[in-house]
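The values are calculated or read from the model by the stated rules, or taken from the named source; none is laboratory data. Predicted model, so just to flag it, every value in this text is computed and none were measured. Don't worry about glycine lacking a Cβ; one is built from the backbone with ideal geometry, like all the others, and counts go over all protein chains shown.
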C-alpha cells in the first residue's frame, strides 16, 4: 500500500510540500516585518500588512486541497475498476479504503498543521493588538478540522458518484456548505448587547469582540427605529447645499440609543470548540457512510 500511494501521489505530494515551503518563507518574512513595526512603534505601517489576504489564502488553500485530493481519490479507482485488483490481493475493502485515506489524508493534514502553527506565530502580534477579531477561523486549531471535514465530505461525494470530474463539480456546493458552518457557532450562542446614548465614550471602543451581529437604533421606549430614516432626518439642507450634520447631537436630541449585539472576544475558544465539534461529528458521519457504501453498494 505504501508503494502504491507513493507511486500514484508523489507528484501531488511534492506540490503540497513546495506550497508549504513557499508559504512558510513568506509568513516568516512578513511575521518578522510585523514584529519590527510593533517594536519601532510605527503603527501607521500596519496598513501595509493586509491580514485579510492571509485569511482568504487559508480558506482558499482548504478549498484547493479538498478539491484536488478528496473527490478523485476513491472515485477514480471506482471509475477505472482498478479497485478490484486490490480486493483480490487478500485485502478487505475496509483495509484498502482505510489504508488509502489514512496515508493521503494524513500527509495533507500533517502539512497543513505545520502551516497552521506557523500562521499562529504570524498572527500572534495582531491578536495582542486587536484581539481575535477577524482571525477566528484562521487563528487557533479550527481550520485543521475544517480541512478534515472538506476531505471527508469530498471523499463521500466521490464514493457516491464514482466519477472524478462529477465529484469535483459537486464539491463546489459542498464547500459552500462548509463556509456556512464557519459562521454557525456565532448564531448558536446568544450574543451580548451594549447600549450607547451618544453621551460620553462609546462602550464599544473599550470592548473586544470577534463578531458584530447587528447594530440598531431604539427610542426611549425601546422601539426600534429605521436607521435610514434617522440619518436622513439629521441631514439639514440650506438651499441646494447639504450641511455636514452633527449626528451625535442630533441623536441625543431625538433621545436615540444605539444597540450593538456582538460576540465578545472572551468566547473565542468556545466558538472554536463548537466549530471543531461540528466538524468532527460530520467527518465521522461521512467516513462511516463512505465505508458502508463501499462494503455494501460497490461490486
Point to revise | Scan of the range 204-214 for residues that are under 19 Å from residue 267 (Cβ atoms) and either exposed (fewer than 12 other Cβ atoms within 10 Å of the Cβ) or modelled with pLDDT of 75 or more (or both), ordered by number | key: 206, 212, 213, 214
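Residues are listed down the side, and each one gets a yes or a no for (1) over 16 Å from residue 154 (Cα atoms); (2) out of contact with any helix residue (DSSP H, G or I) (no Cβ under 8 Å at 6 or more places or on another chain); (3) assigned to a strand (DSSP E or B):
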{"position": "250", "(1), (2), (3)": "yes, no, no"}
{"position": "258", "(1), (2), (3)": "yes, no, yes"}
{"position": "261", "(1), (2), (3)": "yes, yes, yes"}
{"position": "268", "(1), (2), (3)": "yes, yes, no"}
{"position": "273", "(1), (2), (3)": "yes, yes, no"}
{"position": "286", "(1), (2), (3)": "no, no, no"}
{"position": "291", "(1), (2), (3)": "no, no, no"}
{"position": "294", "(1), (2), (3)": "no, no, no"}
Check your understanding: If you take the residues in the range 259-289 that are surrounded by fewer than 18 Cβ atoms within 10 Å (Cβ to Cβ) and touching a strand residue (DSSP E or B) at 6+ places or on another chain (Cβ under 6 Å), which one is farthest from residue 193 (Cα to Cα)?
Key -> 265
Check your understanding: If only one of 126, 117, 136, 155 is crowded, with 23+ Cβ neighbours inside 10 Å and either modelled with pLDDT under 90 or more than 30 Å from residue 75 (Cβ to Cβ) (or both), which one is it?
Key -> 136
Review point. If you go through the range 277-285 one residue at a time, do you hit one that is at pLDDT 80 or above and over 30 Å from residue 76 (Cβ atoms)?
Key: yes
Review point. Quick one: would you say residue 36 is at pLDDT 80 or above and exposed (fewer than 15 other Cβ atoms within 10 Å of the Cβ)?
Key: yes
Practice item. Given the conditions (1) more than 23 Å from the chain's Cα centre (by Cα); (2) in a helix (DSSP H, G or I); (3) touching a residue at least 12 places away in the same chain (Cβ under 8 Å), report the number of the one that residue 165 does not fulfil. Key: (3)
